[in-house]
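**Student:** Sending over a structure as structure tokens; questions will come in a sec.
The values are calculated or read from the model by the stated rules, or taken from the named source; none is laboratory data. This one's a predicted model, so the numbers in the text were calculated from it and none came from an experiment. When we count neighbours, we look across all protein chains shown, and the Cβ atoms used for this are built from the backbone with ideal geometry, even at glycine. Just so you know, the surface numbers come from the protein's heavy atoms only, side chains and all, with ligands and any DNA or RNA stripped out. Shrake-Rupley method; radii C 1.70, N 1.55, O 1.52, S 1.80 Å.
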Amino acid sequence: MVGVKMAAAAAASIRERQTVALKRMLNFNVPHVKNSAGEPVWKVLIYDRFGQDIISPLLSVKELRDMGITLHLLLHSDRDPIPDVPAVYFVMPTEENIDRLCQDLRNQLYESYYLNFISAISRSKLEDIANAALAASAVTQVAKVFDQYLNFITLEDDMFVLCNQNKEIVSYRAINRTDITDTEMETVMDTIVDSLFCFFVTLGAVPIIRCSRGTAAEMVAVKLDKKLRENLRDARNSLFTGDTLGAGQFSFQRPLLVLVDRNIDLATPLHHTWTYQALVHDVLDFHLNRVNLEESSGTETSPAGARPKRKNKKSYDLTPVDKFWQKHKGSPFPEVAESVQQELESYRAQEDEVKRLKSIMGLEGEDEGAISMLSDNTAKLTSAVSSLPELLEKKRLIDLHTNVATAVLEHIKARKLDVYFEYEEKIMSKTTLDKSLLDIISDPDAGTPEDKMRLFLIYYISAQQAPSEADLEQYKKALTDAGCNLNPLQYIKQWKAFAKMASAPASYGNTTTKPMGLLSRVMNTGSQFVMEGVKNLVLKQQNLPVTRILDNLMEMKSNPETDDYRYFDPKMLRGNDSSVPRNKNPFQEAIVFVVGGGNYIEYQNLVDYIKGKQGKHILYGCSELFNATQFIKQLPAASVLTWGPWHHPPWITVREDLYQVHSY
């Protein structure tokens, strides 16, 4: 329906496609024309928390206003009747939401109702709405009912997550629980598949699906293949009717969907990072493209003595409109700090030029030199004045990134995150360590207990051979003395023993960073950032496990690691349990989806990888987006001592020999 009717350009990003679909919905499901003359029809938008999360990263309040939205309210808030205004609803078709919607009809809150469901509504729930409309004599007021198939959140042109609300339903913990029943696992898988189906409807393309065997990713693949197949078979109601030639609107070739399980690489989600976006997500409160900072300004003195000032909370949106963010979100942090300083100096130079021109314009007319300067500078001043709005926007972005980068830098210096990052890179790439692990764990000034636990878990996962019991006891004592909770270690220990791995899947190859001397030597002495003592580490591009799996499948490379991946083509009349791809040509477009949760480190690694592949596009998706703190909290609750009845643990199919012959 929606996915098919969007006549966007072939290379349109998923962000553009979802934005177009939302604007169409807000325009009463009629295509939105950008430069249409006249006032928009004024209306109210009613959404639930799911709808709010989908809209907020894509449309600003100003854009909503331009679309005629005067009010946007939560469905379950107390709302006053506005009887002469149409209402656009954007909600999940849950029992609770349907009940409240029916109550709105009975209370005759609005002039007319445009009902848009994020995911497909069942017939029985549709009948409930019809009965409520009949009882309230509001049948004529229900103007339109639409299934929008927009049940996913787009964060970047090339990145999406399934949900923010109730994300524990599809979390790593939920999928890896020991006591999960068949029914509960079906619910988890159906939730993931429903969102992925919505994603492909919006994309307007039917993918070729590849997945590893014996994992949760395989369950998702089987169910998604079945759902796509059933929809394609119903030619009259198919959501992919514009896709009959096999090309779709994505490109001239169908996209590849690679489904991977989080368990193939548990080291990356725990890794300390060094790029801007991933650092912001790791150390600050950052979700749905908004970062929340606490700003305190020292103490204030009163007769009763000094007391801390109240912390002010500030929120900043880091969006595609922000050119600095777009350019530097994947850059190493030292580069970002330097660029902020350069932008600030450039802004000050422009500001000084405007001030200089203003002072010249104010000179007395007798001075002939001044008169000639005046005529020369009138044009310059006119130009400078016309660029003032641009200058003010530049100043806003500089202030924003100065505040965000300063907050990140405070964490780096307080927790010695540069030391952790460099040490973990050496562990993962099997490089000689210049300092003993025990020394870092025992150093009271190096990081939080959680930082120490993350470091040790990466060491444990990456070790060719697990440490001896005596060594392990020594590490455990040091970790306990440092205030660490040992539960995550217990989980990783069970996981590693269960898989009988000889070495780690998350070995990066030789990524060791080149220290460029201390940052303070790089930075100007007048810099806003006091970087004394922080290492200037420059990254060397290496493919992470997820990127390498994608590379094998996208380029049709033969590799023991991916050769037995299952192959699904929903367009084939009969599904076959084959790992032999029918298509032998490399793919131009691919979607990598991590079942069990993803992170910005993997996303950035994929972005860096595809830069060297001209004409190719990659999208990264995950069931939830977590940082290391959120991930480590999920580990103790998941356990591999026993396993739910639906299938054996995903990692049981991992072959030791693959890990021994592969260095990532």
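**Student:** Of all the residues that make up segment 421-440, how many are farther than 18 Å from A628 by Cα, in contact with a Phe, Trp or Tyr (Cβ under 9 Å, 6 or more places away or on another chain) and of a type in the set (V, I, T)?
**Tutor:** So the count comes out to 1.
**Student:** Mind checking which pairs have a first residue in segment 490-505 that is closer than 16 Å to D261 by Cα and outside any helix (DSSP H, G or I) and a second that is acidic (D, E) and modelled with pLDDT of 70 or more, Cβ under 8 Å, 6 or more apart or different chains?
**Tutor:** So the pair list comes out as P505/D265.
**Student:** Six or more apart or on different chains, Cβ atoms under 8 Å: show the pairs whose first residue is in segment 126-141 and under 17 Å from N116 (Cα atoms) and open to solvent by less than 80 Å² (accessible area, probe 1.4 Å) and whose second is acidic (D, E) and not in a helix (DSSP H, G or I).
**Tutor:** The qualifying pairs are Q141/E111.
**Student:** Provide a single number: the residues in segment 40-75 that are of a type in the set (D, E, K, R) and either in contact with a helix residue (DSSP H, G or I) (Cβ under 7 Å, 6 or more places away or on another chain) or in a loop (DSSP other than H, G, I, E, B) (or both).
**Tutor:** The number of residues fulfilling the criteria is 1.
**Student:** Using the structure shown, decide if E335 is more than 30 Å from C163 (Cα to Cα), open to solvent by 80 Å² or more (accessible area, probe 1.4 Å), at pLDDT 90 or above and of a type outside the set (V, I, T).
**Tutor:** yes
For every residue, the table says whether it meets (1) farther than 20 Å from G330 by Cβ; (2) open to solvent by 20 Å² or more (accessible area, probe 1.4 Å); (3) at pLDDT 90 or above.
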{"site": "L573", "(1), (2), (3)": "yes, yes, no"}
{"site": "G596", "(1), (2), (3)": "yes, no, yes"}
{"site": "N605", "(1), (2), (3)": "no, no, yes"}
{"site": "K633", "(1), (2), (3)": "yes, yes, yes"}
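**Student:** Let me ask you something else. Would you mind telling me which numbered condition in (1) modelled with pLDDT of 90 or more; (2) in contact with a strand residue (DSSP E or B) (Cβ under 7 Å, 6 or more places away or on another chain); (3) of a type outside the set (F, W, Y); (4) over 20 Å from I264 (Cβ atoms) T629 fails?
**Tutor:** Failing condition for T629: (2).
**Student:** Then there is this: In contact with a Pro (Cβ under 7 Å, 6 or more places away or on another chain) and among the small types (G, A, S), is that true of G68?
**Tutor:** Yes; evaluated as a whole, the condition is true for this residue.
**Student:** Right, here's the next one. Only one residue in A132, A120 is in a loop (DSSP other than H, G, I, E, B) and modelled with pLDDT under 95. Which one? Explain how you work it out, then say what you get.
**Tutor:** On the way: A132 fails: in a loop (DSSP other than H, G, I, E, B).
The unique qualifying residue is A120.
**Student:** Is one or more of the residues making up segment 394-409 open to solvent by less than 30 Å² (accessible area, probe 1.4 Å), assigned to a helix (DSSP H, G or I) and small (G, A, S)? Give the steps one after another, and end with the answer.
**Tutor:** At the first step, the residues of segment 394-409 found to be open to solvent by less than 30 Å² (accessible area, probe 1.4 Å) are 397-398, 400-402, 404-405, 407-409.
Filter once more, keeping what is assigned to a helix (DSSP H, G or I): 397-398, 400-402, 404-405, 407-409.
Of the ones still in play, those that are also small (G, A, S) are 405, 407.
Within segment 394-409 (the criterion being open to solvent by less than 30 Å² (accessible area, probe 1.4 Å), assigned to a helix (DSSP H, G or I) and small (G, A, S)), the answer is yes, since at least one residue qualifies.
**Student:** Residues of segment 419-475 being basic (K, R), open to solvent by less than 50 Å² (accessible area, probe 1.4 Å) and at pLDDT below 90, which ones?
**Tutor:** Taking segment 419-475 as the starting set, the residues that turn out to be basic (K, R) are 426, 430, 435, 452, 454.
Next, from what is left, pick out any that are open to solvent by less than 50 Å² (accessible area, probe 1.4 Å): 426, 452, 454.
Of everything in segment 419-475, just one residue is basic (K, R), open to solvent by less than 50 Å² (accessible area, probe 1.4 Å) and at pLDDT below 90, namely K426.
**Student:** Among the residues of segment 147-163, is there at least one that is modelled with pLDDT under 90, under 28 Å from the mean Cα position of the chain (by Cα), part of a loop (DSSP other than H, G, I, E, B) and surrounded by fewer than 17 Cβ atoms within 10 Å (Cβ to Cβ)?
**Tutor:** Within segment 147-163, not a single residue is modelled with pLDDT under 90, under 28 Å from the mean Cα position of the chain (by Cα), part of a loop (DSSP other than H, G, I, E, B) and surrounded by fewer than 17 Cβ atoms within 10 Å (Cβ to Cβ).
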